[in-house]
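Comments concern the structure below.
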Amino acid sequence: MAEATIRSAAASRPGPLLRDLLGLGLIALGGLAGYLLFPDNLAFLTRLISVALLVLSLDLIVGYCGIASLGQAALYGAGAYTAGIACLNGVTEPFLLVLIGAAAGAMTGLLMGAVMLRAHGLPQLVLSIALVQLLHEAANKASWLTGGSDGLSGMVPAPLFGVFEFDLWGRSAYLFGLGLLLVVFAVLRLVVRSPFGMLCRGLKEDPLRISALGIYAFPVLLKMFVISGAVAGTGGALAAIATQVVGLDSVSFELSANALVMLVLGGIGHLYGALVGTVIFMALEHVVAAANPFHWMTLVGAVLIAIVLFAPRGLSGSLDQLAGLLTRQGGRAGR
Amino acid sequence: MTPVFEVSRLSKEFGGLKVSRDISLAMAEGERLALIGPNGAGKTTFVNLVTGRIRPNSGHVRLDGEDITALGPEQRVRRGLVRTFQVTRLFPDMTPEEHVIMTVLQRHGKAARILARFHGDSEAADEAADVLATLGLTEVARRKVGAIAYGQQRLLEIAIALAQRPKVLLLDEPAAGVPSADTPRIEEALARLPASLAVLMIEHDMDLVFRFARRVVVLAAGELIFEGPPADVARDPQVREAYLGSYAHAGSHA
């Protein structure tokens, strides 16, 4: 640690990997702390993890590709419904259900990307809204498959590893979710530091420069939509397994918008912000909504305004700045 | 010998306004050609036509004998027609090394790999280090581009272009915005460009043009009005009129 601060001009680069391991350790610790400190709120915490996966998936699109979306829940909902339907039809193995949800999310991501990438800027944003509304309506109308406005219920996933039941306390579900989150997060850190991840960052900042390197933007961005869909679908499948219900809210505009708010709250473009934002938003919602169910959004709104005004890079961005000030690193390489 | 790069009778109009008229020029391998012209002469349009950003109304662009008029910008780049930008287009949060590695990876067809570490490709890293060394950028290779001098950013633009291994290089005002104390380093870099590379420089700075190019073409009002050695440019009455006219309107420096 100490020698890293002594200028790292031409040294080797153990930095990013070490930081990612540290980050994963912190997430695991935080997750276990939640398990031990709030044993009565595990259902809520599991839902938090599934939404965190949704917000992470949104960060891939918004933070790494510079594409604003207000329809991300389409991918989450696709995962939730597909896993739910599979479970009701006899596929009960939880890992398999997650894979099914991820695949459904990825497929939906492919379609969504193919449509959204035809446009830029505001029309693109409008397309994202239209797509999630369309899917919402489809889920509502196809009640023979999705349960319509009642949603799906009665899924009974098989015990985890054949041993740990998904019981009323939600311990298995929570630890399952935490494990999923850690694996997804680790994979995504690798993805964003791959050549592909760097390319996406480049496309976000200056598509013309990337084009001048002879690189087509469309397939790269579409690939990110597929990855994002898989992550969101994983979150949806987790929600389906843990809560054993899937409702229309999982494929709603409102959830999409909330996910964007959480992401901006935490800070875009480095994945950690997605987690920070989700935890703060949902904890706030949980606590304030219990105290005053009618005005909790007012408080969230006030907090958001304060953050946009005083910490435009999001909460984690400000923490980053603070850490930078404290350690005074010389030349920091890519995140 | 067929020219490595050829533009024939290229024309473009926007809503009836002819911004490029019948432009023709050819370049041999290793040639150093400069394209100059007063403001509003249509230089930017010409660059956009050649790089494929806009389509001409008529005329052809050929690279190495192949007609590339119908190809998009990315395909032209992949075939070896590479450009630099008048205003640097770099990523302030990335390092020069990362810029060049990305370029090399693209040439190797590995730029969009997911199951690899960006910094883990030692072949690309070595090549990037070589290119950066050629341009004297080793010292700043791992600083963020936003934190290095503008002259060094200009050199990085050239480094990126070279890492693409072009056949034809379009330098769009390579010294624009560089403090005069740093221009010798840019000139030095330009003088050391690979001998076989055909270089078309679009430039305002006549001193730079005189030292760099063996041949000059002058663009005025969308037309080529002069072609010949640099020494003859200033004597040509048509060129003088085009420049003086524009300077009289702009009222700027001589």
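The values are calculated or read from the model by the stated rules, or taken from the named source; none is laboratory data. The structure presented is a predicted model; accordingly, all values stated were derived computationally and were not measured. All Cβ positions, glycine included, derive from the backbone under ideal geometry; neighbour counts span all protein chains shown.
Out of the range B:135-155, which residues are outside any loop (DSSP other than H, G, I, E, B), within 12 Å of another protein chain (Cβ to nearest Cβ) and of a type in the set (A, V, I, L, M)?
Here is the first cut: in the range B:135-155, the ones outside any loop (DSSP other than H, G, I, E, B) are B:138-140, B:145-147, B:150-155.
Those left that are additionally within 12 Å of another protein chain (Cβ to nearest Cβ): B:138-140, B:145-147.
If the condition is that a residue be outside any loop (DSSP other than H, G, I, E, B), within 12 Å of another protein chain (Cβ to nearest Cβ) and of a type in the set (A, V, I, L, M), then B:140, B:145, B:147 are the ones that fit.
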### Query
Any idea how many residues of the range A:52-78 are over 13 Å from residue A:252 (Cα atoms) and assigned to a helix (DSSP H, G or I)?
13
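Quick one: would you say residue B:47 is surrounded by 16 or more Cβ atoms within 10 Å (Cβ to Cβ), β-branched (Val, Ile, Thr) and modelled with pLDDT of 95 or more?
Values: surrounded by 16 or more Cβ atoms within 10 Å (Cβ to Cβ): yes; β-branched (Val, Ile, Thr): yes; modelled with pLDDT of 95 or more: no.
Against the criterion (surrounded by 16 or more Cβ atoms within 10 Å (Cβ to Cβ), β-branched (Val, Ile, Thr) and modelled with pLDDT of 95 or more), residue B:47 does not qualify.
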### Query
Do any helices (runs of 4 or more DSSP H) entirely within the range A:268-335 hold 2 or more residues that are modelled with pLDDT under 75, and if so, which?
A:314-327
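Listed here are the residues, each with its yes/no results for (1) among the hydrophobic types (A, V, I, L, M, F, W, C); (2) more than 21 Å from residue A:94 (Cβ to Cβ).
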| residue | (1), (2) |
| --- | --- |
| A:138 | yes, yes |
| A:149 | no, yes |
| A:153 | no, no |
| A:156 | yes, no |
| A:161 | yes, no |
| A:170 | no, no |
### Task
Give the number of residues within the range B:107-142 that are under 30 Å from residue A:223 (Cβ atoms), out of contact with any Lys or Arg (no Cβ under 9 Å at 6 or more places or on another chain) and touching a residue at least 40 places away in the same chain (Cβ under 8 Å).
1
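For the range B:54-72, indicate whether the set of residues that are closer than 22 Å to residue A:204 by Cα, of a type in the set (A, V, I, L, M) and either more than 8 Å from every other protein chain (Cβ to nearest Cβ) or surrounded by fewer than 17 Cβ atoms within 10 Å (Cβ to Cβ) (or both) is non-empty.
Kept after step one, since they are closer than 22 Å to residue A:204 by Cα, are these residues of the range B:54-72: B:72.
Add one more test, that the residue is of a type in the set (A, V, I, L, M), and what stays is none.
No: the range B:54-72 contains no residue that is closer than 22 Å to residue A:204 by Cα, of a type in the set (A, V, I, L, M) and either more than 8 Å from every other protein chain (Cβ to nearest Cβ) or surrounded by fewer than 17 Cβ atoms within 10 Å (Cβ to Cβ) (or both).
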### Query
Just a yes or no: is a residue in the range A:131-153 under 30 Å from residue B:113 (Cβ atoms) and free of Cβ contacts under 8 Å to residues at least 40 places away in the same chain?
no
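Got a sec? Which of B:129, B:161 is of a type outside the set (Val, Ile, Thr), modelled with pLDDT of 95 or more and surrounded by 22 or more Cβ atoms within 10 Å (Cβ to Cβ)?
Details: B:129 fails: surrounded by 22 or more Cβ atoms within 10 Å (Cβ to Cβ).
Exactly one residue qualifies, and that residue is B:161.
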### Query
Does the range A:229-249 contain any residue that is surrounded by fewer than 20 Cβ atoms within 10 Å (Cβ to Cβ), out of contact with any Phe, Trp or Tyr (no Cβ under 9 Å at 6 or more places or on another chain) and free of Cβ contacts under 8 Å to residues at least 12 places away in the same chain?
yes
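Just to be sure before I move on: is residue B:160 of a type in the set (Val, Ile, Thr), in contact with a helix residue (DSSP H, G or I) (Cβ under 6 Å, 6 or more places away or on another chain) and either over 11 Å from residue B:96 (Cα atoms) or assigned to a loop (DSSP other than H, G, I, E, B) (or both) in the structure I sent? Spell out the reasoning first.
Working: of a type in the set (Val, Ile, Thr): yes; in contact with a helix residue (DSSP H, G or I) (Cβ under 6 Å, 6 or more places away or on another chain): yes; either over 11 Å from residue B:96 (Cα atoms) or assigned to a loop (DSSP other than H, G, I, E, B) (or both): no.
Against the criterion (of a type in the set (Val, Ile, Thr), in contact with a helix residue (DSSP H, G or I) (Cβ under 6 Å, 6 or more places away or on another chain) and either over 11 Å from residue B:96 (Cα atoms) or assigned to a loop (DSSP other than H, G, I, E, B) (or both)), residue B:160 does not qualify.
Looking at the range A:149-169, is at least one residue surrounded by 14 or more Cβ atoms within 10 Å (Cβ to Cβ) and assigned to a helix (DSSP H, G or I)? Please lay out each step first, then the result.
We begin by selecting, within the range A:149-169, every residue surrounded by 14 or more Cβ atoms within 10 Å (Cβ to Cβ); these are A:151-152, A:155, A:157-160, A:164-166.
Filter once more, so that each one left must be assigned to a helix (DSSP H, G or I): none.
Scanning the range A:149-169, I find no residue that is surrounded by 14 or more Cβ atoms within 10 Å (Cβ to Cβ) and assigned to a helix (DSSP H, G or I), so the answer is no.
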### Task
Under 6 Å between Cβ atoms, at least 6 apart or on separate chains: pull out the pairs that start in the range A:91-116 with a residue that is of a type outside the set (Ser, Thr, Tyr) and end on any residue that is not in a helix (DSSP H, G or I).
A:93/A:158; A:94/A:157; A:94/A:160
### Task
Give B:195, B:175, B:242, B:234 a once-over and let me know the one that is more than 28 Å from residue B:156 (Cβ to Cβ) and either at pLDDT 90 or above or buried (at least 19 other Cβ atoms within 10 Å of the Cβ) (or both).
B:242
### Query
Can you pull out the helices (runs of 4 or more DSSP H) entirely within the range B:163-233 that have at least 3 residues that are among the aliphatic types (A, V, I, L, M), under 14 Å from residue B:151 (Cβ atoms) and under 16 Å from the mean Cα position of the chain (by Cα)?
B:183-191
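Suppose the filter is touching a Leu at 6+ places or on another chain (Cβ under 6 Å) and surrounded by fewer than 16 Cβ atoms within 10 Å (Cβ to Cβ); does residue B:138 pass it?
On the way: touching a Leu at 6+ places or on another chain (Cβ under 6 Å): yes; surrounded by fewer than 16 Cβ atoms within 10 Å (Cβ to Cβ): yes.
It is true that residue B:138 is touching a Leu at 6+ places or on another chain (Cβ under 6 Å) and surrounded by fewer than 16 Cβ atoms within 10 Å (Cβ to Cβ).
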### Task
Identify, by number, the condition in (1) without any contact (Cβ under 8 Å) to a residue 12 or more places away in the chain; (2) touching a strand residue (DSSP E or B) at 6+ places or on another chain (Cβ under 6 Å) that residue A:208 doesn't meet.
(2)
### Summary
Of (1) surrounded by fewer than 24 Cβ atoms within 10 Å (Cβ to Cβ); (2) at the interface with chain B (Cβ under 9 Å from one of its Cβ atoms), residue A:204 satisfies every one except (2)
### Query
Within the range A:86-105, can one find any residue that is part of a helix (DSSP H, G or I), in contact with a strand residue (DSSP E or B) (Cβ under 7 Å, 6 or more places away or on another chain) and closer than 17 Å to residue A:159 by Cα?
yes
### Message
Just the residues that are facing chain A (nearest Cβ under 7 Å) and assigned to a helix (DSSP H, G or I), please, taken from the range B:114-134.
### Response
B:118, B:119
#### Entry: Qualifying residues in the range A:198-257 (those that are part of a helix (DSSP H, G or I) and acidic (Asp, Glu)) - the one nearest to residue B:88 (Cα to Cα)
A:205
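With A:211, A:172 as the choices, which residue is more than 8 Å from every other protein chain (Cβ to nearest Cβ), among the small types (Gly, Ala, Ser) and buried (at least 19 other Cβ atoms within 10 Å of the Cβ)?
A:172
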### Unmet requirement for residue B:149, which otherwise passes all of (1) at pLDDT 95 or above; (2) over 23 Å from residue B:48 (Cβ atoms)
(1)
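With respect to residue B:117, is the statement that it is within 22 Å of residue A:17 (Cα to Cα) and among the charged types (D, E, K, R) true?
Details: within 22 Å of residue A:17 (Cα to Cα): yes; among the charged types (D, E, K, R): yes.
Taking the combined requirement at face value, the residue satisfies it.
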### Query
Any idea which of A:48, A:58, A:53, A:42 is farther than 12 Å from residue A:178 by Cα, touching a helix residue (DSSP H, G or I) at 6+ places or on another chain (Cβ under 6 Å) and touching a residue at least 60 places away in the same chain (Cβ under 8 Å)?
A:58
### Query
Tally time: how many residues in the range B:75-103 are touching a helix residue (DSSP H, G or I) at 6+ places or on another chain (Cβ under 6 Å) and either closer than 17 Å to residue B:52 by Cα or more than 10 Å from chain A (Cβ to nearest Cβ) (or both)?
5
